[in-house]
Amino acid sequence: MNKKDLPLPTEGQTFRYIDPMSDYGFKMIFGDAEVMADFLNDLIKPESPIKRVEFLNKEMLPKNKSGHGVVYDLRCRTTNGDEFIVEMQKWRQSWFADRMLYYMSQIISSDGLSITSDADKRVYNLKNVYGVFLLDFHLKNLKPSPVRTIRLRVDETGDPFSEKMCAYTIELPYFRKKRLPDCRQNIEYWNYMITHMQKTKGELPFTDKKPIFKKVAKLADYSNMSVEDKRKYWLSIEAERTFYAYVDSAKEEGEAKGKAEGETLARIENAKNLIAMGLGTDEQISQATGLPLSEVKALRVATK
């Protein structure tokens, strides 16, 4: 039987809103230009409010064969040329800080240089690039913080060195413990809504303070979805659950082997299994198994 012919899970009737932290749900809600603009305004509080965003190609191919490509969750540009990547990360990853820098650097390096009238001179006038990372975990080695702003600063004075690259991290576990009366800022309304949406049966909280939440509710209401969209949602949930379960199992098996050689072989075997099962992108498999992205790509080619 083809997957598109499978019956919808009965558990789809036990909640009102889809999971905004799932890959499908996150892109369904924040892939709306009006919702995204409102969210970014509340997060970064720009001097001139963002009125409109344009969504861009989420995939950035490497400039050479040996380079690594990037596929973002969501990538958009504002009317003044600033670019944003917005990512939902549900499980802790090694070297996550490096990954954040790599993601933003890919956009900066793709910007190119402004050529002056003198062809031998180039002006390094880069656009602003922002990374927004919603995390379902606390960043390792840092004090837990609900919302964190990361900029380039001079140690001795604290003065800004450059505003061209800035990252925001939102640690969602913090908001699961919050109560409604504890939320007093717009960004707290967003994060409370994200972490409590699936338990909400009626109107989303703070709709009186954030009218855009009425649109969010309409986008996320399971009953408003077509049969095809419902099927896509459940397929994404199923793939996600299987992927994370397999990753947890793979980590346990890898740790049990103990020796470096055994761990490497286990990682390769785990990567092969994930590829064969059609779970995860090359980048996700690389992050899950610890194998270099180039090796994962080579394994995929070899298993065809």
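Every residue, every condition in (1) in a loop (DSSP other than H, G, I, E, B); (2) at pLDDT 90 or above, yes or no:
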site: Met1; (1), (2): yes, no
site: Lys4; (1), (2): no, no
site: Leu8; (1), (2): yes, no
site: Phe15; (1), (2): yes, no
site: Met21; (1), (2): yes, yes
site: Met28; (1), (2): no, yes
site: Glu34; (1), (2): no, yes
site: Ala37; (1), (2): no, yes
site: Lys51; (1), (2): yes, yes
Across segment 159-192, the tally of residues that are over 19 Å from Asp136 (Cβ atoms) and touching a His at 6+ places or on another chain (Cβ under 6 Å) stands at 0
>> Residues that are open to solvent by 80 Å² or more (accessible area, probe 1.4 Å), among the aliphatic types (A, V, I, L, M) and at pLDDT 90 or above: does segment 223-236 have at least one?
In response: yes
When segment 58-90 is checked residue by residue, the ones that are at pLDDT 80 or above and not in a strand (DSSP E or B) are Asp73, Thr79, Asn80, Gly81, Asp82, Lys90
Scanning segment 291-304 residue by residue, those closer than 16 Å to Phe243 by Cβ and either at pLDDT below 80 or surrounded by fewer than 16 Cβ atoms within 10 Å (Cβ to Cβ) (or both) turn out to be Arg300
Within segment 133-153, residues part of a loop (DSSP other than H, G, I, E, B) and closer than 20 Å to Lys45 by Cβ come out as Ser145, Pro146
Residues of segment 154-165 being hydrophobic (A, V, I, L, M, F, W, C) and either in contact (Cβ under 8 Å) with a residue 40 or more places away in the chain or assigned to a helix (DSSP H, G or I) (or both), in sequence order, are Met165
Scanning segment 187-214 for residues that are more than 19 Å from Met88 (Cβ to Cβ) and assigned to a helix (DSSP H, G or I) gives Lys214
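The values are calculated or read from the model by the stated rules, or taken from the named source; none is laboratory data. Small disclaimer: the values here were computed from a predicted structure and weren't measured. Virtual Cβ from ideal backbone geometry, glycine too; neighbours counted across all protein chains shown. Side chains are part of the model used for accessible areas, which takes the heavy atoms of the whole protein and leaves out ligands, DNA and RNA. Shrake-Rupley method; radii C 1.70, N 1.55, O 1.52, S 1.80 Å.
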